[in-house]
Each structure stands twice: as C-alpha cells, then as structure tokens.
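**Q** Following this message is one structure expressed as structure tokens.
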Amino acid sequence: MTSHPQQDVCCLIGDPIAGNPTQYMLEKAFGAARLDWRFLTFEVPALDFEGALRGARIFSFHGLMLSPPHCSRVMPYLEQLDDAARISGQINCIKQAQGQLTGYNTEGRALRQLLEQAGTVPDAKVTIVGAGRLARAIGAELALAGVGELIIACRHPAAAEQLRDTLLKQTPLTHCRVTQFAADAPLVVDDDCRALLNATPVSTALPSQLDSLPRRAVVADVVYNPPATWLLKQAEQRGCPTVDGLTLLVEQAALAFEIWTDVSADRQAMRDAVEEFLVL
C-alpha cells in the first residue's frame, strides 16, 4: 500500500489506442515490482491533447507514455528534454517531478542498448530503413552513442535528407548518407554493414538484398506483431543475430518504468504479459 493519500499513477495517451498492450504490460510490471501503482489508457485526439496534458499535471501523474500523433507535438509543453528527444523531436516518455515535465525517447535508447548487447554501435556502419518517427528517434540515439556511419534508406529521400542534416549538425556524427530504393530496385546492403534496422511499419517483403550482409551483422525490426517478420526470417536464414519488435517494445516500456520508479523492471513478466495480450 502507498504511504500517502494519493495513489501513484502513470498513463498512456494516444489516438487511436485500441489494441495497445502497454497498460496490461506495465500493470504486470508494477505488480512484479510490488509497487502499488496504477496505469491508465486515454484515447485523446490532437485537439484535446493540451488539455489532457494539463490534467496530468493537475493530478500529479508520475509518468506518461505517448503514442502518435502526440510524440512529435508535445515538446513545447515540456520543461526539460534529454538530448535524443530534443534532436529527434520525438518524445514517447514523460516524467513529472516537482511539477516539471521531462521528455525522453525510450524507443531509440532501447534499440541502442539491444544493439550494444550484441556488440554493435561504437564506430559501426548502420543502415536504417525509413525516415519517419522511429527512424528519427533511433538515428539520434545512435548518433549520440558514437556510431561510425549512418545510411538512411527510404523510398522518398526528402525526409531522410532532413534527418541527415539534423544529425550532422546536432550530434558528433560525421558520416551520414541517404540512399533511395524502390520495389523494382531493392536496397543493397553494404558488405561492411554491422546492423540493418527496419524502422517502418512494413513487415512483409521489405525490398532488400541481404546476400552481401555479413553474418555478424545484427538485423532488427520494429514491427512487434507478428514478431517473426519477413526480414528477420531472412536474416536468421543467413545466420545473422536478430532483434525482434516484441523485444524492443518490452525494452522501451521497461526503460520508461525505470525512469518513473527508479526500480528495475521485470522484463520477462512484461514480455509474458504482451504475449498473453496479443495471443502470441
């Protein structure tokens, strides 16, 4: 039980929000840590977001998770930002303390940590497929972590060029280039690439040729349902280590849990909860 009259509460705000496993996963994490905290989910359209955030302040919510469309719109309402969130412009996690809201991006941090566990990132060449919200978060985190070269591959290069320019100006990254691919001109991965990351919602038949991908290269996919995507199956056939989207989903939520509570998250309990929720 809590020792103060108001219960500790965190929440998820997004639109749409149906089918999101975050509440179930984090309630299980609170239970595993024996914390008498609660997690709520609110579907809030963009027009009402400012009011919802004001309500979270008033009710002293300890933490918030954000899903689209709010991740890229919340920055003006925050008092502090970590570097990756500031550079990427993407915030998916907020902590409230002493009336101050601090924004983080745990999605990029989660993937960076998983890659580091696999022995990749410092000075490595990494290819990111996509230039949207997740690619921005991942690119900023990897650039700050000391990746050697980033290749941003996408169908429409304008957004990728903007991301490249941002990373070169605001991070220590010195080598970043954009490459375009199409259905009839698949992406060819460099033979010295150390990681290939799909940061798009496309989970089937991503147009890429993995023949030149070294077997030590880590292949990651942000898609979590199903976790065994076409790209990861192709990578496993080549003997490459992989990071699936379900592992990434759990890790980014676990990092948010730890930011809010200062307690280690039970990642296995969280993964079990997501698999139960999604009937995997």
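None of the figures in this text is laboratory data; all of them are computed from the coordinates on show. Just so it is clear, the model here is predicted, and its values are computed rather than measured. Neighbour counts run over all protein chains shown; Cβ positions are idealised from the backbone, glycine included.
**Q** Based on DSSP, what percent of beta bridges with both residues in the chain are antiparallel, to the nearest 5?
**A** Antiparallel bridges make up about 20 percent of those DSSP assigns within the chain.
**Q** Right, something else. Let's test the formula: R0 of 22 Å, r as the Cβ-Cβ distance of Arg155 and Asp190. What FRET efficiency results, to the nearest 0.05?
**A** The pair Arg155/Asp190 has a calculated efficiency of 0.70.
**Q** Taking 0.36 nm per residue of sequence separation and subtracting the Cα-Cα distance, how much length would be gained by fully extending the chain between Leu278 and Gln100, in nm to one decimal?
**A** Between Leu278 and Gln100, full extension yields 60.6 nm more.
**Q** Let's see if you can work this out: charge +1 on each Lys and Arg Cβ, -1 on each Asp and Glu Cβ, no other charges. What is the dipole magnitude of the stretch 28-167 about its Cα centre, in debye to the nearest 20?
**A** Result for the stretch 28-167 is approximately 300 debye, rounded to the nearest 20.
**Q** Roughly what angle does helix 267-278 make with the longest principal axis of the chain, taking Cα atoms, 0 to 90 degrees, to the nearest 10?
**A** Relative to the chain, helix 267-278 is tipped by roughly 90 degrees.
**Q** Return the long-range amide H neighbours of Thr41 (sequence gap of 5 or more, or a different chain), with a cut-off of under 5 Å between placed amide H atoms.
**A** Leu12
**Q** Describe numerically, in nm with one decimal, the distance between label points set 7 Å from Cα along Cα→Cβ at Arg34 and at Glu236.
**A** Using points 7 Å along Cα→Cβ, the separation is 3.7 nm.
**Q** I need the peptides 186-198, 6-18 ranked by packing, meaning the mean over residues of other C-beta atoms within 10 angstrom, with the highest value on top.
**A** By packing density, highest mean first, the sequence is 186-198, 6-18.
**Q** Stokes-Einstein D for the stretch 108-243 at 4 °C, 1.567 mPa s, Kirkwood Rh over Cα pairs, in µm²/s?
**A** So the translational diffusion coefficient is about 89 µm²/s.
**Q** Charges at C-beta only: +1 for Lys and Arg, -1 for Asp and Glu. How large is the resulting dipole of the stretch 108-243 about its Cα centre, in Debye rounded to 20?
**A** Computed charge dipole of the stretch 108-243: roughly 260 debye.
**Q** What percent antiparallel are the DSSP beta bridges of the stretch 108-243, to the nearest 5?
**A** Percent antiparallel among DSSP bridges in the stretch 108-243 is about 10.
**Q** Right, here's the next one. Give me the log10 of I(q) over I(0) for the chain at q = 0.07, 0.08, 0.11, 0.15 Å⁻¹, as the Debye formula computes it from C-alpha points; what are the numbers?
**A** Evaluating at q = 0.07, 0.08, 0.11, 0.15 Å⁻¹ gives log10 I(q)/I(0) of -0.25, -0.33, -0.63, -1.13.
**Q** Sticking with this structure for a sec: What do you get for the angle between helix 245-261 and the principal long axis of the chain? Use alpha-carbon atoms, 0 to 90 degrees, nearest ten.
**A** 40 degrees
**Q** Only residues of the stretch 82-122 count here: report those whose backbone N is under 16 Å from the spot 7 Å along Cα→Cβ of Ala46, or say none.
**A** Answer for the stretch 82-122: 90-91.
**Q** Let me ask you something else. Measure nothing fancy, just the Cα-based angle from helix 22-32's long axis to the longest principal axis of the chain, in degrees from 0 to 90, nearest 10.
**A** The two axes meet at around 70 degrees.
**Q** Still on this structure, I have one more. Would you mind computing, in nm to one decimal, how far apart the modelled labels at Glu79 and Asn20 are, each placed 7 Å from Cα along Cα→Cβ?
**A** Between Glu79 and Asn20, the simple spin-label model gives 2.5 nm.
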